[in-house]
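Colleague: Dumping the structure here so I can ask a few things about it.
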Amino acid sequence: MSKRDQPDHPELKHPSTKRAKEIDANLPYDILREKLEGQDKKDEVTVVAHWFRSKDLRIQDNKALYAAATLAKDQGKPLVGLYVFCGAEFEWHGTSPARTDFIIENLRLMQEELKELNIPLVVANAEERKDIVPTAVKFMTDNSVSHVFGDYEYEVDELRRDTKFIKEIGDKALFSLHHDQTVVEPGTMTNNQGGPMRVFTPYHKVWLAVVKDSPDLIDTVPVPEKVDQKLSKEVSSLFGSKLPTAPKNKEFASTAERDRIRKLWPAGHTAGLQRMDTFIKKHLDDYAATRSNPAKDSTSRMSPYFSAGVVSMREALSAIREKANSGSADFSSNGSDPGVAGWVREIVFRELYRQTTMTTPHTVMNLPQNLKFDFVNWEEDEEGWKKWCEGKTGMPLVDAGMRQINHEAYMHNRARMNVSSYLYCNLLIDYRRGERYFAEHLIDWDLSNNTQGWEPSYTVFNPVSQAEKNDPEGKYIRKWVPELKGVEGKAVFDPAGRLGKKEFEKLGYPRPHVDWKETKQRCMERFKSDMKDAEP
């Protein structure tokens with residue numbers, strides 16, 4: 001059995017490239033769609049349920065919830081909410097304590113909001129991942145639910161989960177799914193050959209045109225109306241459902257850490273909209289010029305709210321349209337200010353990532369999009385790995401990024417690009433270990449964004465020149481690497497190379513773990529030799 005089948009690190013486990021191709025050729029999404037369309041129509045309505053997932057934790061502008069509420073109101077029937085909490089699922093994905101707590105806090109707030117509308121939100125516990133579907137089926141059958149609504153999730157396991165649910169619920173309930181994570185439905189934007197678009201620039205161009213021509217795509221749907229108290233009494237036993245607690249290995253290390261993260265990232269839809277409004281007022285005008293400078297901190301910091309679905313993409317884009325783009329849905333560089341066009345461009349990356357997840361499912365199965373990269377022989381540099389994790393590689397920009405993620409459960413995107421490149425290019429450590437580290441530490445972890453953000457390539461970022469260009473005053477480095485706080489001028493970007501030996505040693509900062517130029521050359525040679533004759 002090969003090392004690929006029995007990796008030293010469990011997080012590296014993945015199917016063969018042959019199996020990946022088989023899955024790509026028989027899309028789980030298509031299988032689910034076929035099962036959805038094959039259900040028998042169910043005219044009689046008894047109880048209507050919305051099945052919340054970890055990517056739609058809001059009652060505002062939630063298409064599936066709105067559809068469920070509309071049906072319940074029209075038929076004069078009770079509406080209930082369900083969330084299946086599975087600690088083993090969080091463990092499977094490596095979900096961080098910060099994101100776990102963020103999800104639980106948003107569930108708490110959402111349960112309170114729904115109660116005000118006379119709608120119960122039940123949190124059911126599933127011990128193992130295999131128990132998620134049986135738990136959902138039992139809830140539906142025990143409570144005589146006839147119609148179940150939910151929002152699509154595009155990852156392989158989640159698509160298979162919903163397919164299994166249809167099979168197990170049988171004719172007891174009709175299952176309906178809505179596209180709600182994106183503005184443009186994944187899979188609908190195709191190339192000249194009719195296949196899914198994979199390259200960002202043409203995808204971006206077409207996306208802008210589609211939204212400009214169909215501005216209703218970013219129109220929002222209202223919150224469900226308050227349910228008649230007589231109807232809510234029919235499901236009165238479901239109110240007051242106990243909220244989950246984080247699994248032991250997903251708890252914060254201390255109360256102080258929990259309080260710090262909660263202050264940085266307050267839960268709730270209201271907090272998310274307030275953050276969006278602050279970004280529009282204070283940072284959007286300068287966003288295009290400052291977004292790559294981590295010291296400016298001018299990004300929206302909306303990613304945790306987007307990844308958990310606390311604020312919808314339509315809400316965010318509607319706010320941009322009304323408050324910063326004169327009511328226009330033309331977000332191109334010709335139709336909007338640079339800040340608006342630049343921010344929306346980042347949102348379009350998010351949309352493409354979801355389309356790629358759906359149409360190339362092996363990307364979320366611990367395999368690179370370019371399957372040839374699976375044949376690279378990576379290094380076992382445990383000392384380098386430890387230094388990378390702790391922010392002690394001797395490369396200031398890399399170390400600043402790693403110290404930020406360890407303290408804030410977040411990292412500026414420019415730093416993310418540099419720390420990932422350094423890990424798999426200069427240290428030649430399997431990129432999947434970095435993917436997993438991000439999952440275990442980020443509050444805004446998102447499987448589609450994370451896997452495709454870590455997609456290996458031949459681009460090797462130079463953290464010295466990157467810092468000089470994007471953190472020209474060295475403020476980001478000095479903030480997160482206090483050993484370098486007193487270093488003046490450009491020496492802060494490369495203290496080992498630009499300071500005298502004695503002056504450097506006084507800093508108490510490590511020398512670079514590897515030589516950047518030498519390891520860049522090693523990386524290029526390794527990639528070329530290992531991938532040259534690879535046949536996935």
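The values are calculated or read from the model by the stated rules, or taken from the named source; none is laboratory data. Since this is a predicted model, take the numbers as computed values, not measurements. Cβ placement follows ideal geometry from the backbone for every residue including glycine, while neighbour counts extend to all protein chains displayed.
Colleague: Residues THR290, THR393, THR360, THR356: which one is without any contact (Cβ under 8 Å) to a residue 40 or more places away in the chain and not aromatic (Phe, Trp, Tyr)? Give the derivation first.
Modeller: On the way: THR393 fails: without any contact (Cβ under 8 Å) to a residue 40 or more places away in the chain; THR360 fails: without any contact (Cβ under 8 Å) to a residue 40 or more places away in the chain; THR356 fails: without any contact (Cβ under 8 Å) to a residue 40 or more places away in the chain.
Being without any contact (Cβ under 8 Å) to a residue 40 or more places away in the chain and not aromatic (Phe, Trp, Tyr) holds for just one of THR290, THR393, THR360, THR356, which is THR290.
Colleague: Anything in segment 484-494 that is closer than 21 Å to ASP515 by Cα and out of contact with any helix residue (DSSP H, G or I) (no Cβ under 6 Å at 6 or more places or on another chain)? List them, or say none. Spell out the reasoning first.
Modeller: Residues of segment 484-494 that are closer than 21 Å to ASP515 by Cα, as a first pass: 484, 490-494.
LYS490, the sole residue that qualifies.
Colleague: Mind counting the residues in segment 331-341 that are touching a residue at least 40 places away in the same chain (Cβ under 8 Å), more than 21 Å from THR190 (Cβ to Cβ) and surrounded by fewer than 19 Cβ atoms within 10 Å (Cβ to Cβ)?
Modeller: Residues flagged as touching a residue at least 40 places away in the same chain (Cβ under 8 Å), more than 21 Å from THR190 (Cβ to Cβ) and surrounded by fewer than 19 Cβ atoms within 10 Å (Cβ to Cβ) within segment 331-341 amount to 3.
Colleague: So, of the residues in segment 290-325 that are over 30 Å from ALA467 (Cα atoms) and hydroxyl-bearing (Ser, Thr, Tyr), which turns out to be surrounded by the most Cβ atoms within 10 Å (Cβ to Cβ)?
Modeller: SER312
Colleague: Across segment 84-109, which residue is surrounded by the fewest Cβ atoms within 10 Å (Cβ to Cβ) among those that are of a type in the set (A, V, I, L, M, F, W, C) and in contact with a His (Cβ under 8 Å, 6 or more places away or on another chain)?
Modeller: As a first pass, look at segment 84-109 and keep what is of a type in the set (A, V, I, L, M, F, W, C): 84-86, 88, 90, 92, 98, 102-104, 107, 109.
Still in the running and in contact with a His (Cβ under 8 Å, 6 or more places away or on another chain): 98, 109.
On the way: ALA98: 27, LEU109: 19.
Among those that are of a type in the set (A, V, I, L, M, F, W, C) and in contact with a His (Cβ under 8 Å, 6 or more places away or on another chain), it is LEU109.
Colleague: Here is a further query. PHE139 is checked against (1) surrounded by fewer than 23 Cβ atoms within 10 Å (Cβ to Cβ); (2) within 24 Å of THR182 (Cα to Cα); (3) over 24 Å from the mean Cα position of the chain (by Cα) and fails just one. What number does that condition carry?
Modeller: Just one mismatch for PHE139, condition (2).
Colleague: Related question: Which of the residues that make up segment 492-503 are surrounded by fewer than 18 Cβ atoms within 10 Å (Cβ to Cβ) and assigned to a helix (DSSP H, G or I)?
Modeller: Once the filter is applied, which keeps residues that are surrounded by fewer than 18 Cβ atoms within 10 Å (Cβ to Cβ) and assigned to a helix (DSSP H, G or I), segment 492-503 yields ALA496, GLY497, ARG498, LYS501, LYS502, GLU503.
Colleague: Something else: Being acidic (Asp, Glu), under 19 Å from ALA409 (Cβ atoms) and not in a helix (DSSP H, G or I) narrows it down to one of ASP330, ASP259, ASP297, so name that one. I'd like the intermediate steps shown before the answer.
Modeller: Details: ASP330 fails: under 19 Å from ALA409 (Cβ atoms); ASP259 fails: not in a helix (DSSP H, G or I).
Matching residue, one of ASP330, ASP259, ASP297: ASP297.
Colleague: Hey, another quick one. Give the residues of segment 68-83 that are closer than 21 Å to GLN181 by Cβ and surrounded by fewer than 21 Cβ atoms within 10 Å (Cβ to Cβ), sorted by residue number.
Modeller: Kept after step one, since they are closer than 21 Å to GLN181 by Cβ, are these residues of segment 68-83: 68-70, 81-83.
Matches in segment 68-83: THR70 only.
Colleague: Six or more apart or on different chains, Cβ atoms under 9 Å: show the pairs whose first residue is in segment 212-227 and in the same structural domain as LEU65 (by TED's automatic domain parsing) and whose second is aromatic (Phe, Trp, Tyr) and at pLDDT 95 or above.
Modeller: LYS212/PHE331; VAL221/TYR66; PRO222/TYR66; VAL223/TYR66; PRO224/TYR66
Colleague: Which residue, of ARG354, ARG314, ARG350, is under 17 Å from VAL183 (Cβ atoms), touching an Asp or Glu at 6+ places or on another chain (Cβ under 7 Å) and not hydroxyl-bearing (Ser, Thr, Tyr)? I'd like the intermediate steps shown before the answer.
Modeller: Details: ARG354 fails: touching an Asp or Glu at 6+ places or on another chain (Cβ under 7 Å); ARG350 fails: touching an Asp or Glu at 6+ places or on another chain (Cβ under 7 Å).
Testing whether each residue is under 17 Å from VAL183 (Cβ atoms), touching an Asp or Glu at 6+ places or on another chain (Cβ under 7 Å) and not hydroxyl-bearing (Ser, Thr, Tyr) leaves just ARG314.
Colleague: Could you say whether any residue in segment 510-518 is in the same structural domain as MET395 (by TED's automatic domain parsing), among the aromatic types (Phe, Trp, Tyr) and in contact with a Lys or Arg (Cβ under 6 Å, 6 or more places away or on another chain)?
Modeller: In the first step, residues of segment 510-518 are kept if they are in the same structural domain as MET395 (by TED's automatic domain parsing); the result is 510-518.
Within this subset, residues satisfying the condition of being among the aromatic types (Phe, Trp, Tyr) are 516.
Cutting the leftovers down to in contact with a Lys or Arg (Cβ under 6 Å, 6 or more places away or on another chain) gives us none.
No, segment 510-518 contains no residue that is in the same structural domain as MET395 (by TED's automatic domain parsing), among the aromatic types (Phe, Trp, Tyr) and in contact with a Lys or Arg (Cβ under 6 Å, 6 or more places away or on another chain).
Colleague: PRO361 fails exactly one of the following numbered conditions: (1) in contact with a Phe, Trp or Tyr (Cβ under 9 Å, 6 or more places away or on another chain); (2) within 29 Å of GLY94 (Cβ to Cβ); (3) surrounded by fewer than 20 Cβ atoms within 10 Å (Cβ to Cβ). What is the number of that condition?
Modeller: Against the list (1) in contact with a Phe, Trp or Tyr (Cβ under 9 Å, 6 or more places away or on another chain); (2) within 29 Å of GLY94 (Cβ to Cβ); (3) surrounded by fewer than 20 Cβ atoms within 10 Å (Cβ to Cβ), PRO361 comes up short only on (3).
Colleague: Just the residues that are in contact with a Leu (Cβ under 9 Å, 6 or more places away or on another chain) and surrounded by 17 or more Cβ atoms within 10 Å (Cβ to Cβ), please, taken from segment 240-265. It would help to see each step written out before you state the result.
Modeller: Quick first cut of segment 240-265, residues in contact with a Leu (Cβ under 9 Å, 6 or more places away or on another chain) only: 241, 243-244.
Of everything in segment 240-265, those that are in contact with a Leu (Cβ under 9 Å, 6 or more places away or on another chain) and surrounded by 17 or more Cβ atoms within 10 Å (Cβ to Cβ) turn out to be SER241, PRO244.
Colleague: How about segment 5-46: which of its residues are in a loop (DSSP other than H, G, I, E, B), out of contact with any Pro (no Cβ under 7 Å at 6 or more places or on another chain) and in contact (Cβ under 8 Å) with a residue 40 or more places away in the chain?
Modeller: Of all residues in segment 5-46, those in a loop (DSSP other than H, G, I, E, B) come to 5-9, 13-16, 26-27, 38-46.
Restricting the remaining residues to those that are out of contact with any Pro (no Cβ under 7 Å at 6 or more places or on another chain) gives 5-9, 14-16, 26, 38-46.
Within segment 5-46, ASP8, HIS9, HIS14, PRO15, GLN39, ASP40, LYS41, LYS42, GLU44, VAL45, THR46 qualify.
Colleague: Okay, next question. Please determine, by comparing only the residues of segment 504-525 that are within 22 Å of ASP374 (Cβ to Cβ) and either surrounded by 17 or more Cβ atoms within 10 Å (Cβ to Cβ) or free of Cβ contacts under 8 Å to residues at least 60 places away in the same chain (or both), which one is farthest from the chain's Cα centre (by Cα).
Modeller: Taking segment 504-525 and keeping what is within 22 Å of ASP374 (Cβ to Cβ), we get 519-520, 522-525.
Adding the requirement that they be either surrounded by 17 or more Cβ atoms within 10 Å (Cβ to Cβ) or free of Cβ contacts under 8 Å to residues at least 60 places away in the same chain (or both) leaves 519-520, 523, 525.
Numbers: THR519: 31, LYS520: 29, CYS523: 28, GLU525: 33 Å.
My answer is GLU525.
Colleague: Can I ask one more? THR188 is checked against (1) surrounded by fewer than 14 Cβ atoms within 10 Å (Cβ to Cβ); (2) in contact (Cβ under 8 Å) with a residue 24 or more places away in the chain and fails just one. What number does that condition carry?
Modeller: (2)
Colleague: Just wondering, is there one or more residues in segment 266-275 that are exposed (fewer than 12 other Cβ atoms within 10 Å of the Cβ) and either part of a loop (DSSP other than H, G, I, E, B) or under 23 Å from the mean Cα position of the chain (by Cα) (or both)?
Modeller: Restricting attention to segment 266-275, the residues satisfying the condition of being exposed (fewer than 12 other Cβ atoms within 10 Å of the Cβ) are none.
There is no residue in segment 266-275 that is exposed (fewer than 12 other Cβ atoms within 10 Å of the Cβ) and either part of a loop (DSSP other than H, G, I, E, B) or under 23 Å from the mean Cα position of the chain (by Cα) (or both).
Colleague: Within segment 194-210, identify whether any single residue is among the aliphatic types (A, V, I, L, M), in contact (Cβ under 8 Å) with a residue 12 or more places away in the chain, in a loop (DSSP other than H, G, I, E, B) and touching a helix residue (DSSP H, G or I) at 6+ places or on another chain (Cβ under 7 Å), and answer yes or no.
Modeller: Checking segment 194-210: at least one residue is among the aliphatic types (A, V, I, L, M), in contact (Cβ under 8 Å) with a residue 12 or more places away in the chain, in a loop (DSSP other than H, G, I, E, B) and touching a helix residue (DSSP H, G or I) at 6+ places or on another chain (Cβ under 7 Å).
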